[in-house]
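The values are calculated or read from the model by the stated rules, or taken from the named source; none is laboratory data. Since the structure is predicted, the reported quantities are computational estimates derived from the model, not experimental observations. A quick note on method: Cβ atoms are made from the backbone with ideal geometry, for glycine too, and the neighbour counts reach across all protein chains shown. For accessibility, only protein heavy atoms count, side chains too; no ligands or nucleic acids. Shrake-Rupley method; radii C 1.70, N 1.55, O 1.52, S 1.80 Å.
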Amino acid sequence: MHRPSAEAPALSPHGTEACDRPTRVRVDLDALSHNLQAIGAHVGVPVMGIVKANAYGHGLVPVARHLQAQGIAQLGVAFVEEGIALRQAGVTIPILVLGGIYAPQVTQFLAHDLEVTVSSLDKLRQVERAAEAMGRRAVIHLKIDTGMERIGVHSENAGRFIEAAVASRWCTVKGVYSHLACADEPDSPMTAVQVARFLEACAHFDRLGVPMPVRHLANSGGVLHFPDTWLDMVRPGIALFGVMPAPSARSPLALRPVLSLVSRVVYFKVVKAGRTVSYGATWAAPCDTRVITVPIGYGDGYPRALSSRGEVLVRGVRYPIVGRVCMDQFMVDLGPEGTAYNGDEVVLIGHQDGAEIRCEEVALAAGTIPYEILTGLNERIPREYVGGGPGPG
Ligand SMILES: *Cc1c(COP(=O)(O)O)cnc(C)c1O
């Protein structure tokens, strides 16, 4: 059974926690433990849990603390600010910042013991200069571009780059990595091409006669579909949260969704046949029908694209959103017979009485990907953490 965790969720900057806002993101820490375990057992190598963008909307600090308590090897974030927030919250395990570095921020990596992604010779020199000035060695991961064309040294030019990095007096090359562009598509030939390019680049370490650093390549798609990408460490993000990276993804693992999005009925009325609902009067009642109002909207990150397209659960039954989703509220048609009372729970993502609405399906209805749905749920919604008993296992 779910019990609120002793460690209360951080107060939202909007103070909604104190006011008992009926809308919340519920984060199931036991499901998170389960997914970490399942992924670890599946790949057989250490896991770097990716917790960028507020841990995919689940709450950066509570998620990172929980993963650390579960014995995860390492964390990854996108920006140095996210890494600093984790250090300030007492997270002590290694943290890699995945993003490209911005020169003025290099000293902050070193000051907070964050591992740096070095994605060019130029950036290697920047890191060296900062490290020397601070008298502090930088722990770096070399980024090789094998087909994403985002950041990283093209694999065909990796020789000189790797040579310079391993010769550096101020940098320790802990890892070498690349990022997969199409691993969420199980049938894409792109991944095999990227693996081949990456391994070719890694061969320079052997050529130079230096120990191979930690090679990591697999995002969630790689973890789920491409064993060749697992190498020495994997970097799942969305799969840790029990959500598939794409509609075509087929999970060989029984992962459990970690996040639920719930609210409550705050208004109930009968809308007469022919009357219209919400801005723009885009939906008209086909008959006298019962309509409820739910106090969450696009101002919370619940997409306006779900206007007359999304569905919710009330008393274990699916009902359609009717009319436009407003900034703070939307309406749901229960039909002429449906029942609900003020205060009844409304599930937007998650389970209720044996029924389920998954994040993947919400994304599809909104014309986007699950990543955008999760990371869009913003700080106005209080987070509630359930489960997460002591220690790993
Ligand atoms: C975001 C990200 C990941 C995790 O991606 P998922 O698809 O969520 O598993 C891994 N590696 C890098 C470099 C990333 O930017």
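Pop a pseudo-label 7 angstrom from the Cα along the beta-carbon direction at both D353 and Y341 and give the gap in nm to one decimal.
Simple spin-label model gives 1.3 nm for this pair.
Could you bin all the Cα-Cα distances of the chain into 20 Å bins starting at 0 and give me the percent of pairs in each, rounded to whole numbers?
26, 50, 21, 3
Just the number please: accessible area per residue for region 179-296, 1.4 Å probe, all protein chains included, in Å².
Accessible area per residue: 43 Å².
Would you mind calculating the gained length between S248 and R315 on full extension (0.36 nm times residue separation, minus the Cα-Cα distance), in nm to one decimal?
21.1 nm
Looking at the chain only, what percent of DSSP beta bridges run antiparallel? Nearest 5 please.
Counting only bridges with both partners in the chain, antiparallel ones make up about 50 percent.
What's the carbon and sulfur percent of region 259-386's accessible surface, probe 1.4 angstrom, rounded to a whole number?
Carbon and sulfur atoms account for 51 percent of the accessible area of region 259-386.
Just T117, T282, T172 to compare: in a GNM of the chain, with alpha carbon springs under 10 Å, which one fluctuates most?
Residue with maximal mean-square fluctuation among T117, T282, T172: T282.
Quick one: angle between helix 121-134 and the longest Cα principal axis of the chain, in degrees between 0 and 90, rounded to 10, please.
For helix 121-134, the angle is close to 80 degrees.
Work out from phi, with θ = phi - 60° and the Karplus expression 6.51 cos²θ - 1.76 cosθ + 1.60, the ³J(HN,Hα) of each residue of region 375-382, listed in order in whole Hz, and give x for Gly and Pro.
These are the phi-based 3J(HN,Hα) values: 6, x, 5, 9, 5, 6, 8, x Hz.
Relative contact order, percent, of the chain when contacts are C-alpha pairs under 8 Å separated by at least 6 residues?
Values: 894 pairs, mean separation 81.7, N = 393.
Value for the chain: 21 percent.
Please compute the net charge surrounding L114, taking Lys and Arg as +1 and Asp and Glu as -1 over other residues with Cβ under 11 Å from its Cβ. Spell out each step's value before the answer.
Values: positive: R87; negative: E81, E82, D113, E115.
Cβ neighbours under 11 Å give a net charge of -3.
If you line up the long axis of helix 158-167 against the longest principal axis of the chain, both from Cα atoms, how many degrees apart are they, to the nearest 10?
70
Binned at 5 Å from 0, what are the whole-percent values of the Cα-Cα distance distribution for region 29-241, short to long?
1, 8, 16, 19, 20, 17, 12, 6, 1, 0
Provide the three semi-axes, in whole Å and in decreasing order, of the ellipsoid equivalent to region 259-386 as defined by the square roots of 5 times the Cα gyration tensor eigenvalues.
Taking √(5λ) for each Cα gyration eigenvalue gives 23, 16, 13 Å.
Check which residues have an amide H placed less than 5 Å from T172's amide H, if you skip close sequence neighbours.
For T172, the qualifying residues are A138, V139, I140.
Taking amide hydrogens as modeled 1.01 Å from N in the peptide plane, which residues meet the under 5 Å criterion relative to L180, leaving out close sequence neighbours?
Those lying under 5 Å, H to H, from L180 are N219.
Test of understanding: in a Gaussian network model of the chain with alpha carbons linked when under 10 Å, which of A365, A111, A138 would top the mean-square fluctuation ranking?
A111
Let me spell out the model: positive unit charges on the Cβ of Lys and Arg, negative unit charges on the Cβ of Asp and Glu, origin at the Cα centre of the chain. What dipole size does that give, in debye rounded to 20?
480
When the helices in the chain are scored as -39500 (n - 2.57) per DSSP H run of 4 or longer and the sum is shared across all residues, what 222 nm value do you end up with, to the nearest 500 deg cm²/dmol?
-8000 deg cm²/dmol, from helical runs alone.
For a quick size check, give me the Cα extents of region 220-300 along its three principal axes, largest first, whole Å.
Sorted from largest, the Cα extents of region 220-300 read 62, 23, 23 Å.
Residue by residue, what Karplus-based ³J(HN,Hα) values in Hz, rounded to whole numbers, does region 97-105 have, using 6.51, -1.76 and 1.60 with θ = phi - 60° and x for Gly and Pro?
Per-residue couplings from phi come out as 8, 7, x, x, 8, 10, 3, x, 8 Hz.
Leaving out ligands, DNA and RNA, and with a 1.4 Å probe, what % of the accessible surface on region 29-241 is carbon or sulfur?
53
Using alpha-carbon positions, what is the distance between the centroids of region 36-112 and region 230-297, in Å?
28
Which one of A284, A73, A130 has the biggest mean-square fluctuation once the chain is modelled by GNM with Cα springs under 10 Å?
Highest fluctuation of the listed residues: A284.
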